[in-house]
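Computed from the coordinates by the stated procedures, all read-outs in this text should not be read as laboratory data. What you see is a predicted model, and the numbers here were worked out from it, not measured in a lab.
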Amino acid sequence: MVASSAGASADNIAPGTPVTLNVNGGTLGTGASWKWYTTSCGGTSIGSGSSLIVTPQITTTYFVRAEGVCNSTACVSVTVTLIPSVICQAPTSVNSSAGVTVCSGTSTTLSLVGGILPTGGVWRWYKGGCGLGTVQVQGPEFR
């Protein structure tokens, strides 16, 4: 009898995170086993059994069906969605409130133009070079 559904132990995961796929419901006939595929049902075989551990690198739909000596059941599928590991784009430029020339002893506000950060990311301004020295401030502006 065909499985009622297929499930995954996790979704919205980072690439390479192990996930357990499970068959829900259904029964196997004599000599039958659960077969797992990617691409399509009967496509690229990735294993067998009522559960299977996978480590997807991209969002992937998995298919499972019971296959026996006499016949195969219809497929059920489950999709494991991956979150982008990093969505980041560098700023296109930095603006200064004082213009191009900043004289010693004067202050200016530097601000980023453009750029995209991943969720939870922050811009960090450094004194002495990018990633060097002490973080002076976090945010899209430095005063």
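Extension gain for the segment residue 17 to residue 41, taken as residue separation times 0.36 nm less the Cα-Cα distance, is 6.3 nm to one decimal.
Globularity index of the range 1-85 is 1.07 (Cα radius of gyration / 2.2 N^0.38 Å, N = number of residues). How high is the relative contact order of the range 1-81, in percent, with contacts defined as C-alpha pairs under 8 Å that are six or more residues apart? Computed value for the range 1-81: 36 percent relative contact order.
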